[in-house]
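Report on one structure; see the data block that follows.
Every read-out reported here was derived from the displayed coordinates using simple, explicitly stated rules and does not represent laboratory data. Not measured: the values here are computed from a predicted model. For neighbour counting, all protein chains shown are included, and Cβ atoms are generated from backbone atoms with ideal geometry for every residue, glycine included.
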């Protein structure tokens with residue numbers, strides 16, 4: 001059974017993917033905390049309401065390699081516009097390690113929450129199918 005056909009699992013997996021990518025970007029920020037003129041980056045937050053609205057719209061889809069490309073290639077995640085840092089090192093580096101570590105901790109907490117939600121929904125689905133702990 002493909003769990004991504006169920007909306008709850010698809011959205012949970014999508015958010016977990018976003019969090020994993022954000023963790024990668026934040027780790028790059030921390031790794032470059034001594035690089036001159038480096039500016040920290042972060043991903044744009046995904047607007048859940050906007051995502052749900054897009055689900056209702058019927059979109060064209062290329063289902064075969066011989067079909068014409070739609071010409072719309074969208075990046076999976078977008079970067080947040082750079083804000084002016086309030087703290088910049090003499091070398092021009094704007095990474096504030098404390099700020100990055102707080103973001104990393106928030107990302108870890110969010111990922112753990114989503115992992116737990118995914119596990120709970122999978123357990124409920126197993127029970128509903130008669131394969132869970134209720135047997």
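Descriptive notes on the structure:
- Counting beta carbons within 10 Å around each of 33, 116 and listing the fewest first gives the order 116, 33.
- Sorted by Cβ density within 10 Å, fewest first, the residues 131, 103: 131, 103
- Order of 21, 112, 98 under a 10 Å beta carbon neighbour criterion, fewest first: 98, 112, 21
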